[in-house]
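Scroll down for the structure; my scribbles are underneath it.
The values are calculated or read from the model by the stated rules, or taken from the named source; none is laboratory data. The structure displayed is predicted, hence computed values, not measured ones. Here the Cβ positions follow ideal geometry from the backbone for every residue, glycine too, while neighbour counts run over all protein chains shown. The accessibility values were calculated without ligands, DNA or RNA, using every heavy atom of the protein model including side chains. Shrake-Rupley method; radii C 1.70, N 1.55, O 1.52, S 1.80 Å.
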Amino acid sequence: MALRSDCEALQAQKSDLEKQLEGRDRDVEALREESRQTVQSLKQSLKSAEESEHRQKQLFHELERHAEEQVQAISAKAQALKDAQRRHLDQLAEANVACMARQSDC
């Protein structure tokens, strides 16, 4: 009778342990699924970050090119103004020489 009682107790313990094991198996599978989803999410975030970085580099190069074009345009305008100013000064000098020549005739 004691042996039968011990067997029943062991059977109950076995049943409890099997239920615990099943619960842990479900927990492990849930953690695996959560991990897979996290990995997928991280991969997507990384891909988005890489695409964003690529686009930012493109924009930077476009801005850099545009700035260089602006510098060249400003330099060309400055040179044109300098040339015009030089021509104007030359004309003033010629006019001044002509005026002085007329004054000396008097």
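For the chain, the fraction of 1.4 Å probe accessible surface lying on carbon and sulfur atoms is 56 percent.
A probe of 1.4 angstrom, applied to the heavy atoms of all protein chains, finds LYS82 with accessible area near 130 square angstrom. Candidate values [x] 22; [y] 13; [z] 74 were compared with percent of Cα pairs over 24 Å apart computed on the shown model; the agreeing label is [z]. Angle, helix 2-105 long axis vs. longest principal axis of the chain, Cα atoms, 0 to 90°, nearest 10? Result, in degrees: 0.
Here the Gaussian network model covers the chain, with springs between Cα atoms less than 10 Å apart; of GLN13, GLN44, GLN79, GLN13 fluctuates the most. Each other residue within a Cβ distance under 12 Å of GLU18 adds +1 if Lys or Arg and -1 if Asp or Glu, for a net charge of 0. Build a GNM of the chain with springs between Cα atoms under 10 Å apart, and of HIS54, HIS66, HIS88 the one that fluctuates most is HIS88.
Rolling a 1.4 Å probe over the heavy atoms of the protein chains gives the chain an accessible area of 94 Å² per residue.
Summarising the label geometry, the points placed 7 Å from Cα in the beta-carbon direction at PHE60 and LEU21 lie 5.8 nm from one another.
Among GLN58, GLN40, GLN85, whose mean-square fluctuation peaks in a Gaussian network model of the chain (Cα, cutoff 10 Å)? Ranking GLN58, GLN40, GLN85 by mean-square fluctuation puts GLN85 first.
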